[in-house]
Amino acid sequence: MRWNQDDISLYAESKEYIDTMIIPLIPFDVQKDELMKKQAFQKELLKLFASEVEKEYKGRILLAPEYYYISGSHEEEVDRINQWVRQISNLPFNHIFLFTLDMNWRKLSKDLQAEVVWLPGLQSGNLQSSEVQSFIKEQVSQIAEMIRSYW
């Protein structure tokens, strides 16, 4: 289920079956054009990953809105992310996954109250190319298997 009116209405009717949430962590920095370009690509890639995993388990997973943070402010964001996680846990969601292409979150995973899933990602490319689509398909399969292991 995605964060849209129709899916949230469906979620409200069937909460007891939806126990997992995915929150994509998206960096944001406007200091350098090349970095902005890289982050825009990574946002699209991460959104595609998260959507494909959600599709795999539709009716069991709720895909939250993206969580944006300023690049380099990881430590400052930990408390805020944990506030999100505490609120989400009260709904109740038993499993909360933070999807990221930024390996710095992996280093802070012990401070976070959700499971960090670092996805080794591409730095740039065409999301429609067969190579990228193949890469995404393989990664989604592995991530889906990892999520299943938590259930």
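The values are calculated or read from the model by the stated rules, or taken from the named source; none is laboratory data. Since the structure is predicted, the reported quantities are computational estimates derived from the model, not experimental observations. All Cβ positions, even for glycine, are placed from backbone atoms using ideal geometry, and neighbour counts span all protein chains on display.
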Check your understanding: Considering segment 67-109 alone, what residues qualify as being of a type in the set (Val, Ile, Thr) and under 16 Å from PRO120 (Cβ atoms)?
Key -> THR100
**Study point:** First in segment 71-83 and among the polar types (S, T, N, Q), second anywhere and part of a loop (DSSP other than H, G, I, E, B), Cβ under 6 Å, 6 or more apart
**Key:** SER71/ASP29; ASN82/GLN113
Practice item. Give the residue that is farthest from the chain's Cα centre (by Cα), with candidates limited to residues of segment 89-114 that are among the aromatic types (Phe, Trp, Tyr) and under 19 Å from TYR150 (Cα atoms). Key: PHE93
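Can you list the helices (runs of 4 or more DSSP H) found entirely within segment 1-109 that contain at least 3 residues being closer than 23 Å to VAL140 by Cβ and in contact with a strand residue (DSSP E or B) (Cβ under 7 Å, 6 or more places away or on another chain)? Let's see the steps before the verdict.
On the way: elements: 5-13, 33-56, 74-89, 104-107.
In segment 1-109, 33-56 are the helices (runs of 4 or more DSSP H) which contain 3 or more residues that are closer than 23 Å to VAL140 by Cβ and in contact with a strand residue (DSSP E or B) (Cβ under 7 Å, 6 or more places away or on another chain).
Yes or no, residue by residue, for (1) over 24 Å from GLU16 (Cα atoms); (2) buried (at least 16 other Cβ atoms within 10 Å of the Cβ); (3) out of contact with any Phe, Trp or Tyr (no Cβ under 6 Å at 6 or more places or on another chain); (4) acidic (Asp, Glu):
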{"site": "ALA50", "(1), (2), (3), (4)": "no, yes, no, no"}
{"site": "TYR69", "(1), (2), (3), (4)": "yes, yes, yes, no"}
{"site": "GLU75", "(1), (2), (3), (4)": "yes, no, yes, yes"}
{"site": "VAL85", "(1), (2), (3), (4)": "no, yes, yes, no"}
{"site": "PRO92", "(1), (2), (3), (4)": "no, no, yes, no"}
{"site": "MET103", "(1), (2), (3), (4)": "yes, no, no, no"}
{"site": "VAL117", "(1), (2), (3), (4)": "yes, yes, no, no"}
{"site": "PRO120", "(1), (2), (3), (4)": "yes, no, yes, no"}
{"site": "GLN128", "(1), (2), (3), (4)": "yes, no, yes, no"}
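When you check SER141 against the structure, is it without any contact (Cβ under 8 Å) to a residue 60 or more places away in the chain and within 18 Å of LYS58 (Cα to Cα), yes or no? Spell out the reasoning first.
Working: without any contact (Cβ under 8 Å) to a residue 60 or more places away in the chain: yes; within 18 Å of LYS58 (Cα to Cα): yes.
Judged against the criteria, SER141 is a match.
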Point to revise | Residue among GLN113, GLN128, GLN123 that is modelled with pLDDT of 80 or more, at negative phi and part of a loop (DSSP other than H, G, I, E, B) | key: GLN113
